[in-house]
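The block underneath contains the structure these notes are about, expressed in structure tokens.
FYI, it's all coordinate maths here, none of it is from the lab. If you're wondering where the values come from, they're calculated on a predicted model, not measured in any experiment. As a convention, Cβ positions derive from the backbone with ideal geometry for all residues, glycine included, and neighbour counts pool all protein chains shown.
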Amino acid sequence: MTFATAINLVTILLCSAVLVQCWRMTRALDRFRKADFPGTVTALQAATTEAEGVLRRIRQVLATEAEPKLKIIADASQAADELGVMIGIANASADRLLETARQTRMPGDIAA
């Protein structure tokens, strides 16, 4: 096989590949032309309208329910902080009482 024959065979293969791609592109364009764009647009519009309604209801729920819940959480957090301070004071008092008891222990007592 000569060089010219090999080049001709490669050219035939490439031209065949181009023909196949052209055929595939023609089929895709036909499907594109036959597509139901008005139906697609209508479905997208309905989905958008439904999503807007859901968002509106979520905003309403957040506006009515979120504020009281946030107040409850803030009150609980404040109570937790106050309880933490009270526990700290109680621990300090217990430590002082224990230290006082150790210092006033009589010589005959059993050592702790």
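Sort MET1, MET86 so that the residue with the fewest other Cβ atoms within 10 Å of its own Cβ comes first and the one with the most comes last.
In increasing order of surrounding Cβ atoms, one gets MET1, MET86.
Mind telling me which of GLN60, GLN21, GLN78 comes out most flexible in a GNM of the chain, alpha-carbon contacts under 10 Å?
Judging by the Gaussian network model, the answer is GLN21.
Sort out for me the Cα centre separation of segment 1-45 from segment 54-87, rounded to whole Å.
One Cα centre to the other: 61 Å.
Relative to the longest principal Cα axis of the chain, at what angle does helix 37-61 sit, 0 to 90 degrees, rounded to 10?
It is inclined by approximately 10 degrees.
Could you give the size of the charge dipole of the chain about its Cα centre, using +1 on the Cβ of each K and R and -1 on the Cβ of each D and E, expressed in debye and rounded to the nearest 20?
840
Report, in degrees rounded to the nearest 10, the 0 to 90 angle that the Cα long axis of helix 3-34 makes with the longest principal axis of the chain.
With rounding to tens, the tilt is 70 degrees.
How far is helix 67-103 tilted, in degrees, relative to the longest principal axis of the Cα atoms in the chain, given as a value from 0 to 90 rounded to the nearest 10?
40
Which listed residue (ALA35, GLY84, ALA94) has the Cα farthest towards the positive end of the charge dipole for the chain, taking +1 on Lys and Arg C-beta and -1 on Asp and Glu C-beta about the Cα centre?
Positive-end residue among those listed: ALA35.
Full-extension gain between GLU67 and GLU52, please, as 0.36 nm times their residue separation minus the C-alpha to C-alpha distance.
3.1 nm
Among LEU44, LEU97, LEU62, which one shows the biggest mean-square fluctuation in a GNM of the chain, springs joining Cα atoms closer than 10 Å?
LEU97
Which of the listed residues, VAL20, ILE73, GLN103, is farthest toward the dipole's positive end in the chain, when Lys, Arg count +1 and Asp, Glu count -1 at the beta-carbon?
Checking the options against the dipole of the chain, the answer is VAL20.
Return the Cα extents of the chain along principal axes one, two and three, sorted largest first, each rounded to a whole Å.
That gives 121, 54, 15 Å along the principal axes, largest extent first.
For the chain, modelled as a GNM with alpha-carbon contacts under 10 angstrom, which of ALA74, ALA94, ALA46 fluctuates the most?
Between ALA74, ALA94, ALA46, it is ALA94 that shows the largest mean-square fluctuation.
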